[in-house]
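Trainee: Pasting a structure below so you can have a look.
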Amino acid sequence: MSKPLAPKPIEQVIKLLEQRFGKLPVAINQTATDANIDCPPEHFRAVVEELKNHRDLAFDFLRNIVGIDMLEEGLACKYQFFSYKNRQAVQVTVLTPPGNPHIPSITDLYPAANWHEREAAEMVGLVFDGHPNLKNLLLDEDVRIHPLLKAHPLQKAEILQGIEDATPGFTF
């Protein structure tokens, strides 16, 4: 039985990412655990296709997708990918501008994105263009609030009921 490959050092992965994406308007940096690519929505598909299909990258597994309300900055989505071949992780952060929460869907590239994108759409209001079925997963189908937005309509009631310990409401 062969010994498993050791993961590449993050610095080496960042250097490879900089070589592959140096001409795109992306920022490549390091989180506490992974390499990170800050990517505008209009270049997201190209970045993900390269991460998955380039032989030296080979990010073949989508670990997770998280939608985040960044207040005045807009909505963000963080994607965590893993390469079994290289035993390395990368995160792609997509920040959408305020009032335009559109990100291309990657369900055709990673079928696991299906429910993750549906949850992010439902909880924070991201719109995944090209998704085959963005109906609610957790809330009733006719519910049109996004409960993880910092200014969702039920926030005041939740705080007054003692669910949260803060002043009711959020001022933009």
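Trainee: Of everything in the range 82-95, what is under 26 Å from G125 (Cβ atoms) and open to solvent by 20 Å² or more (accessible area, probe 1.4 Å)? Give them in sequence order.
Mentor: Residues satisfying the conditions are Q91, L95.
Trainee: Looking at the range 96-131 only, could you name the residues that are in contact (Cβ under 8 Å) with a residue 12 or more places away in the chain, more than 24 Å from R144 (Cβ to Cβ) and open to solvent by 60 Å² or more (accessible area, probe 1.4 Å)?
Mentor: Scanning the range 96-131 gives a single hit, D108.
Trainee: Condition first: open to solvent by 40 Å² or more (accessible area, probe 1.4 Å) and touching a helix residue (DSSP H, G or I) at 6+ places or on another chain (Cβ under 9 Å). Now tell me which residues in the range 8-30 satisfy that.
Mentor: Within the range 8-30, K8, R20, L24, P25, N29, Q30 qualify.
Trainee: Restricting the search to the range 67-95, which residues are out of contact with any Asp or Glu (no Cβ under 9 Å at 6 or more places or on another chain) and on the phi < 0 side of the Ramachandran plot?
Mentor: Taking the range 67-95 first, the residues out of contact with any Asp or Glu (no Cβ under 9 Å at 6 or more places or on another chain) are 68-74, 78-79, 87.
Once the filter is applied, which keeps residues that are out of contact with any Asp or Glu (no Cβ under 9 Å at 6 or more places or on another chain) and on the phi < 0 side of the Ramachandran plot, the range 67-95 yields I68, D69, M70, E72, E73, K78, Y79.
Trainee: Condition check: of a type in the set (A, V, I, L, M) and either modelled with pLDDT of 90 or more or in a strand (DSSP E or B) (or both). Does A6 satisfy that? Let's see the steps before the verdict.
Mentor: Details: of a type in the set (A, V, I, L, M): yes; either modelled with pLDDT of 90 or more or in a strand (DSSP E or B) (or both): no.
No; evaluated as a whole, the condition is false for this residue.
Trainee: Let me ask something else about it. Would you check which residues across the range 26-60 are in contact with a strand residue (DSSP E or B) (Cβ under 8 Å, 6 or more places away or on another chain) and without any contact (Cβ under 8 Å) to a residue 24 or more places away in the chain and list them?
Mentor: V26, A27, I28, N29, Q30 - these are the residues of the range 26-60 that are in contact with a strand residue (DSSP E or B) (Cβ under 8 Å, 6 or more places away or on another chain) and without any contact (Cβ under 8 Å) to a residue 24 or more places away in the chain.
Trainee: Separate question: Take the conditions open to solvent by 80 Å² or more (accessible area, probe 1.4 Å), touching a residue at least 24 places away in the same chain (Cβ under 8 Å), of a type in the set (K, R) and under 24 Å from A121 (Cβ atoms) and apply them to R63. Does it pass?
Mentor: So R63 fits the description; yes.
Trainee: Of all residues in the range 67-81 being surrounded by 18 or more Cβ atoms within 10 Å (Cβ to Cβ), modelled with pLDDT of 95 or more and of a type outside the set (A, V, I, L, M), which is nearest to L51 (Cα to Cα)?
Mentor: F81
The values are calculated or read from the model by the stated rules, or taken from the named source; none is laboratory data. Values in this document were obtained by computation on a predicted structure and should not be read as measured data. Cβ sites come from the backbone with ideal geometry, for glycine too, and all protein chains shown count toward neighbours. The area values use the complete protein model at the heavy-atom level, side chains included, leaving out ligands, DNA and RNA. Shrake-Rupley method; radii C 1.70, N 1.55, O 1.52, S 1.80 Å.
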